[in-house]
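Notes follow once the structure below has been shown.
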Amino acid sequence: MRALVINLIKNKPPGKIPNNKSRLSYWKLSHFEGKKEFCLSTQTTCGALFQIQRCTTDPNSYKSLGDSFRMIFRTEGLFGFYKGILPPILAETPKRAVKFFTFEQYKKLLGYVSLSPALTFAVAGLGSGLTEAIVVNPFEVVKVGLQANRNRFTEQPSTMSYARHIIKKEGLGLGGLNKGFTATLGRHGVFNMVYFGFYFNVKNIIPVNKDPTLEFLRKFGIGLLSGTIASVINIPFDVAKSRIQGPQPVPGEIKYKTCFKTMATVYQEEGILALYKGLLPKIMRLGPGGAVMLLVYEYTYSWLQENW
């Protein structure tokens, strides 16, 4: 991948509004994300399980990231790390296509408003995140439910049967396949606002390096910081989403229902650090993963603009 990026590094950064052909390129770019999601599934599973556990007295509580790896492997086997992998794989292609396509379109629309370029990137990112959340939320509900199941992989329901179970029992609305919708809006909206806003603003401040390798490292470093900072800022929404979409403490009783009320409950009962549960595996996934995603997007999009 690095060789491909360096070969493309002489191209101009994406700035033009996509034409009909290059719009299709977002779907091509987003296929890469499905493969990346599979490779990083262990961090996704551990992060969700950390966020669902309520306190150290929880019988399923993990003491550390290493402890979670050992317990999952011992009790659920190797495939336990890949619970709920199908929903994000199915969602990645439309999710990433929506993320980058709407980001470019919101930038275009904001061109008619008297905003500074720096603010334009952040607001366009916020808009793309809110739009992305609409697409991804049903997949997240199924994924979290499957990851919360502590049975061995072979004893768990399939993705489709579990989705049908949710629809039959709870419906398609905000109490069923779309529960946790406001928390998902916050998670993706805040993440993309910081992610795109930080990356493009800082990239425009730090001078371009003529050496292809150093230029690659410059952009990778900025992308790494973008993914890391965005993860730190948006994780309280992520914790709230996992609590709402995951199993409730008392079966049949809804304790976690709305986004900000869930945050307040977690803070009052477990302390401020509970809102940052799962931060390490999240950074391990979205720090370098976010950098790679931006680099692949930027240079491949630029290449397609020049050659299509």
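The values are calculated or read from the model by the stated rules, or taken from the named source; none is laboratory data. Note that the coordinates shown come from a computational prediction; the quantities given were computed from them, not determined experimentally. Note that we place each Cβ from the backbone using ideal geometry, even for glycine, and neighbour counts take in every protein chain shown. Note: areas computed on protein heavy atoms with side chains; ligands, DNA, RNA excluded. Shrake-Rupley method; radii C 1.70, N 1.55, O 1.52, S 1.80 Å.
Here are the numbers for this structure:
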read-out: Residue pairs meeting the criteria (Cβ under 6 Å; at least 6 apart or on separate chains; first closer than 18 Å to LYS257 by Cα, in the stretch 132-146; second of a type in the set (A, V, I, L, M) and surrounded by fewer than 22 Cβ atoms within 10 Å (Cβ to Cβ)); value: ALA133/LEU185; PRO138/LEU177; VAL141/LEU177; VAL142/ALA163
read-out: Per-region count, the stretch 96-128, residues in contact with an Asp or Glu (Cβ under 6 Å, 6 or more places away or on another chain) and either without any contact (Cβ under 8 Å) to a residue 40 or more places away in the chain or open to solvent by 20 Å² or more (accessible area, probe 1.4 Å) (or both); value: 1
read-out: Close pairs (6 angstrom Cβ cut-off, 6 or more residues apart or separate chains): farther than 20 Å from ALA118 by Cβ in the stretch 198-227, open to solvent by 60 Å² or more (accessible area, probe 1.4 Å) and at pLDDT below 95 anywhere; value: GLU215/ASN209
read-out: Any chance VAL190 is farther than 19 Å from TYR297 by Cβ and in a loop (DSSP other than H, G, I, E, B); value: no
read-out: Any hit, the stretch 260-271, residues being free of Cβ contacts under 8 Å to residues at least 60 places away in the same chain, closer than 23 Å to LYS143 by Cβ and part of a loop (DSSP other than H, G, I, E, B); value: no
read-out: Positions within the stretch 215-254 being outside any helix (DSSP H, G or I) and β-branched (Val, Ile, Thr), in sequence order; value: VAL250, ILE254
read-out: Leading residue by the ranking (nearest to ARG74 (Cα to Cα)) among those in the stretch 153-184 that are assigned to a helix (DSSP H, G or I), open to solvent by 40 Å² or more (accessible area, probe 1.4 Å) and touching a Leu at 6+ places or on another chain (Cβ under 9 Å); value: PHE153
read-out: Condition check for ILE205: surrounded by fewer than 21 Cβ atoms within 10 Å (Cβ to Cβ) and either among the aliphatic types (A, V, I, L, M) or in contact with a strand residue (DSSP E or B) (Cβ under 7 Å, 6 or more places away or on another chain) (or both); value: yes
read-out: Residue within the stretch 211-220 that is aliphatic (A, V, I, L, M) and either over 26 Å from VAL292 (Cα atoms) or under 18 Å from the mean Cα position of the chain (by Cα) (or both) present; value: no
read-out: Condition met for GLY176 (more than 16 Å from the chain's Cα centre (by Cα) and within 18 Å of ASN137 (Cβ to Cβ)); value: yes
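Yes/no matrix, rows are residues, columns are (1) of a type in the set (A, V, I, L, M); (2) open to solvent by less than 30 Å² (accessible area, probe 1.4 Å):
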residue: GLY197; (1), (2): no, yes
residue: ASN209; (1), (2): no, no
residue: GLU215; (1), (2): no, yes
residue: THR228; (1), (2): no, no
residue: GLN245; (1), (2): no, yes
residue: TYR267; (1), (2): no, no
residue: GLY271; (1), (2): no, yes
residue: LEU280; (1), (2): yes, no
residue: LEU286; (1), (2): yes, yes
